[in-house]
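Worksheet: one structure, shown below.
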Ligand SMILES: N=C(N)NCCCC(=O)O
Ligand SMILES: [Zn+2]
Ligand SMILES: [Zn+2]
């Protein structure tokens with residue numbers, strides 16, 4: 001290929017509301033020879049326990065990402081200049097067979113030679129994504145933003161659901177159990193045992209209340225200390241945000257983070273050895289004025305920026 005596109009379409013020449021939506025108006029993966037980072041959608045929500053609809057997350061986040069601009073002042077980086085970043089479209093998974101969908105996604109993710117920032121989809125998808133990452137890097141540190149633990153065992157006997165990916169991942173030995181953190185946990189549980197089992201799996205918790213009391217800087221310090229320079233995977237369930245900041249999601253819980261807090265904690269990870277990330281649980285049917293999909297698009301943009309900061313000088 002000769003003249004390959006790079007970076008977003010220029011919004012001062014082609015209105016940002018025109019044309020097909022790729023993430024941040026970036027080139028499609030099939031338009032470039034190689035991408036350092038690929039944004040990929042996983043329109044799968046057959047693992048949800050309550051409100052369905054995250055299958056429409058990828059397209060909503062792409063639409064909401066039209067307003068993103070190429071320079072990220074929060075991290076002082078122009079991610080699309082440093083790296084070739086492309087939109088790989090969606091991975092099509094069987095909505096009627098969760099086990100098959102998980103396998104399809106694992107194989108598809110493993111086949112990329114780009115780092116992936118994945119847009120879900122429900123949280124079930126984190127398991128196959130982590131498997132693919134661990135196949136390349138070995139067990140990874142996990143920074144998990146969520147209202148929910150997602151370390152429950154089974155629902156209706158099902159092992160693969162959006163409430164269980166991280167228990168499966170620990171069982172499979174694909175996580176580095178010295179460096180597992182949940183941030184933003186809150187809301188009612190089934191019992192105290194949920195917390196005990198979560199702790200036994202190796203997780204440390206910074207609750208939504210901890211974030212409020214400690215403040216962003218102290219939270220970042222604690223997380224950085226735990227993560228060190230291990231290969232790191234970041235999984236962001238958008239319901240970590242308060243329903244005021246993310247109404248469009250399947251299992252909303254009151255008392256969550258603001259989008260500002262979430263973005264600032266993410267920016268605190270600058271320089272970490274990030275190897276992959278996802279943003280999940282955007283369910284646009286419950287959204288208003290794109291509040292949730294805009295938040296998710298900014299989260300994905302900061303995740304790409306973190307990869308850009310790390311990959312090249
Ligand atoms: N991963 C998300 N968003 N939710 C998990 C909720 C599981 C439950 O209903 O108990
Ligand atoms: Zn959640
Ligand atoms: Zn979750």
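None of the figures in this text is laboratory data; all of them are computed from the coordinates on show. What you see is a predicted model; the values in this text were computed from it and never measured. Every residue, glycine as well, gets a Cβ built from its backbone with ideal geometry; the counts of neighbours run over all protein chains shown.
Could you work out the Kirkwood radius for the chain, taking every pair of different alpha carbons, averaging 1/r and inverting it, reported in Å?
Kirkwood hydrodynamic radius for the chain: 19.1 Å.
Where q = 0.09, 0.19, 0.22 Å⁻¹, what log10 of I(q)/I(0) comes from the Debye formula for segment 1-127, counting one point per Cα?
Results for segment 1-127 at q = 0.09, 0.19, 0.22 Å⁻¹ read -0.28, -1.07, -1.27.
Do the sum for the chain: with -39,500 (n - 2.57) for every DSSP H run of n ≥ 4, divided by all residues, what is the mean residue ellipticity at 222 nm, to the nearest 500 deg cm²/dmol?
-10000 deg cm²/dmol
For the chain, set up a Gaussian network in which alpha carbons nearer than 10 Å are linked by springs, and say which option among 298, 288, 123 fluctuates the most.
Per the Cα network of the chain with a 10 Å cutoff, 288 tops the list.
Relative to the first principal axis of the alpha-carbon coordinates of the chain, what is the inclination of helix 291-311, with its axis defined by its Cα atoms, in degrees from 0 to 90 and to the nearest 10?
The angle comes out at about 80 degrees.
Å³ per residue of the Cα convex hull, for segment 104-211?
Value for segment 104-211: 111 Å³ per residue.
Would you mind telling me the antiparallel percentage of the DSSP bridges in segment 23-311, rounded to 5?
If we restrict to bridges inside segment 23-311, about 5 percent are antiparallel.
Using only alpha carbon pairs under 8 Å that are at least six residues apart, calculate the relative contact order of the chain and give it in whole percent.
That works out to 22 percent.
Set the Förster radius R0 to 30 Å, insert the Cβ-Cβ distance between residue 94 and residue 14 as r into 1/(1 + (r/R0)^6), and round the FRET efficiency to 0.05.
Efficiency for this residue pair is about 0.25.
Springs between alpha-carbon pairs under 10 angstrom, Gaussian network model over the chain: which of 160, 286, 190 fluctuates most?
Result for the chain, Cα springs under 10 Å: 190 fluctuates most.
Just to be sure I understand: with springs between alpha-carbon atoms less than 10 Å apart, which residue in 111, 277, 64 has the highest mean-square fluctuation in the Gaussian network model of the chain?
111
Please compute the modelled spin-label separation between residue 218 and residue 69, points set 7 Å along Cα→Cβ, answer in nm with one decimal.
Modelled inter-label distance: 3.5 nm.
For residue 155 paired with residue 34, estimate the spin-label separation in nm (one decimal), with each label point 7 Å from Cα along the Cα-to-Cβ line.
Rounded to a tenth, the inter-label distance reads 4.1 nm.
On C-alpha positions alone, give me the angle between the axis of helix 216-227 and the longest principal axis of the chain, in degrees, nearest 10.
80 degrees
Exposure proxy check: 150, 10 ranked by fewest other beta carbons within 10 Å?
The most exposed by this proxy come first: 10, 150.
Gain in length, residue 209 to residue 4, computed as 0.36 nm per residue apart minus the alpha-carbon separation, to one decimal in nm?
Working it through step by step, the gained length comes to 69.1 nm.
What's the exposure ranking of 34, 245, going from fewest to most Cβ atoms within 10 Å?
In order of increasing Cβ crowding within 10 Å: 34, 245.
Can you tell me how segment 167-221 classifies by the Cα gyration tensor, rounded, prolate or oblate, using a/c under 1.5 as the rounded cut?
Oblate, since a/c reaches 1.5 and b/c is not below a/b.
For each of 26, 175, count neighbouring Cβ atoms within 10 Å of the residue's Cβ, then give the residues from fewest to most.
175, 26
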